[in-house]
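Down below is the structure, laid out as structure tokens.
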Amino acid sequence: MSCPRVEIDLDKVGHNASTLVDRAGALGISVTGVTKAVLGLPPLASVLMASGVAALGDSRIENIETMRAAGLRGPMVLIRSPMPSQVGRVVDSGAISLGTDCDVMTLLAAAARHRGVEHGVVLMVELGDLREGIMPEQLGAAAAHVLSLGGLRLRGIGANLACRSGIAPDAGNMAELSACTERVEREHGVELDIVTGGNSANLLWAFSGADRGRVNNLRLGESILLGCEPLQRQPIPGLHDDAIAVVAEVIESSRKPSRPWGRIAQSAFGVAEPVGDDRGPVWQTIFALGHQDTDPAGLEPPGCVRIVGASSDHLITETSCRFDAGTEMRFRPGYGAFMRAMTSHSVSTLLTGNR
């Protein structure tokens, strides 16, 4: 098998998805299964659909097109505001899109009218994380704009937290989302069927017993794929946190000093790593994996391995003993490391399990 590679156990991912669908469903919350980290990989998307997700969500129209081309016909959501240059493709995909900019929505409406279809929009409201979203006091005007445009249908209101600034979903900001929804309905005489409260970071709030108000959907990716919640990266009870591994191959293992020598200047990435204490000779083992393939800081190695540095193409570790060249080692990735590995052309993907 080729290295480096990402191994994905579809059975474990399916278990995580169906478990979260059931737990959220008991609270009146549907799940949109987010596929952006796997580039819309059709076999995995099929597992999510079989597990009962209400829709598939992705931030790239290319990934939605990949899933459509593979024959997946369920509801799909573009979970980022469309690029103006891609509004025609977004409308053609049959996906609902998240709206944050009135000019973009005007272009979407024109593309939909040109094709003789109606395109669904969920308006995103800013609740403090300062990534995307319409300020709450401007939401009514944005809703009026969408309602005035032929070709668009206002489907709902949504929010996103804990992505840029780490602002946690809680009773306060989720109550504000419900209030925003009800204000738009009251002011414009509409009924909104989607109130999407956020991502995997919302699970602690959702399962806490707090009043869920109007929130009836969550967009889940990391919790399904990695079995953890993003606020503290703690495993979620009952889920597999080992469904995904990054596998790398040893290309060198030898005794070397633990401390570099010579005049220290910039490294390949600008800032040299701290020199550290001189601990004498150590087993330095190098894997053919680097920044070009993944986020080395987001990899959890096995107990016999300690990551001490990385360059574009080399993962430098200290190990308990010498490893033969060609030895494969499994690393557990965090979300960022996993997503970057999936987007690297030099990292292959291996699907396991019976699904």
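Values for this structure:
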quantity	calculated
Debye, to nearest 20: dipole size of region 231-355, +1 on Lys, Arg Cβ, -1 on Asp, Glu Cβ	140 debye
At most 13 other Cβ within 10 Å, DSSP loop - trypsin sites (Lys or Arg not before Pro), region 147-178	Arg164
Label-reachable residues, region 1-32, where backbone N falls under 12 Å from a point 7 Å from Leu351's Cα toward its Cβ	8-11, 14
About the Cα centre, charge dipole magnitude for region 126-193 (Lys/Arg +1, Asp/Glu -1 at Cβ), debye	200 debye
Helix-only CD estimate at 222 nm, as mean residue ellipticity for the chain, using -39500 (n - 2.57) per DSSP H run (n ≥ 4)	-8500 deg cm²/dmol
Inter-probe distance in nm under a simple model that places probes 7 Å from Cα toward Cβ, at Phe207 and Arg73	3.5 nm
Between region 133-188 and region 281-337, the Cα center-to-center distance that results, in Å	44 Å
For region 310-318, 3J(HN,Hα) per residue [Karplus equation, 6.51 cos²θ - 1.76 cosθ + 1.60, θ = phi - 60°, Hz, x = Gly/Pro]	7, 10, 4, 10, 10, 9, 9, 10, 10
Under-5 Å amide H pairs with Val308, H placed in peptide plane, nonlocal only	Ile316, Thr317, Glu318
Other-chain or far-sequence residues with amide H under 5 Å of Glu300's (modelled H)	Arg332, Gly334
Longest exposed-site-free window of the chain, the sites being GluC sites (Glu not before Pro) in a DSSP loop that have at most 16 other C-beta atoms within 10 Å	192-355
Long-range amide H partners of Arg214 with built H, under 5 Å	Ser178
Using alpha-carbon coordinates, inclination of helix 10-25 to the longest axis of the chain, degrees	40 degrees
Principal-axis tilt of helix 102-115 within the chain, Cα atoms, nearest 10 degrees	70 degrees
Relative contact order [Cα under 8 Å, 6+ residues apart], the chain, whole percent	18 percent
In order through region 327-340: 3J(HN,Hα) via Karplus (6.51 cos²θ - 1.76 cosθ + 1.60), integer Hz, x for Gly, Pro	5, 9, 10, 9, 10, 8, x, x, 4, x, 5, 5, 5, 5
Charged-residue dipole, Cβ positions (Lys, Arg, Asp, Glu), the chain about Cα centre, Debye nearest 20	400 debye
Inter-label distance for Glu62 and Cys102, nm, one decimal - labels placed 7 Å from Cα along Cα-to-Cβ	3.3 nm
Burial ordering of Phe331, Phe323, fewest other beta-carbon atoms within 10 Å first	Phe323, Phe331
Förster radius 35 Å - calculated FRET efficiency between Arg263 and Arg330 (Cβ-Cβ, nearest 0.05)	0.40
Dipole-positive endmost among Gly88, Leu107, Ser223 within the chain (Cβ charges, Cα centre)	Gly88
For region 58-64, Karplus couplings with θ = phi - 60° (6.51, -1.76, 1.60), whole Hz, Gly/Pro x	8, 8, 10, 5, 4, 5, 5
Region 244-352, relative contact order in percent, only Cα pairs under 8 angstrom and at least six apart counted	35 percent
Separation in nanometres of the label points that stand 7 Å from Cα toward Cβ, at Leu147 and Ser320	6.6 nm
Percent antiparallel among DSSP beta bridges (both partners in the chain, rounded to 5)	50 percent
Kirkwood estimate for region 244-352, i.e. one over the average of 1/r between Cα atoms, Å	14.6 Å
Quotient of Cα Rg and 2.2 N^0.38 Å for the chain, N being how many residues it contains	1.12
Length added when fully stretched, Ser254-Ala171, from 0.36 nm per residue minus Cα-Cα	24.5 nm
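Throughout, read-outs are computed from the coordinates displayed, never taken from laboratory work. Only a predicted model underlies this, so the values are computations on that prediction, with no experimental measurement involved. All Cβ positions, glycine included, derive from the backbone under ideal geometry; neighbour counts span all protein chains shown.
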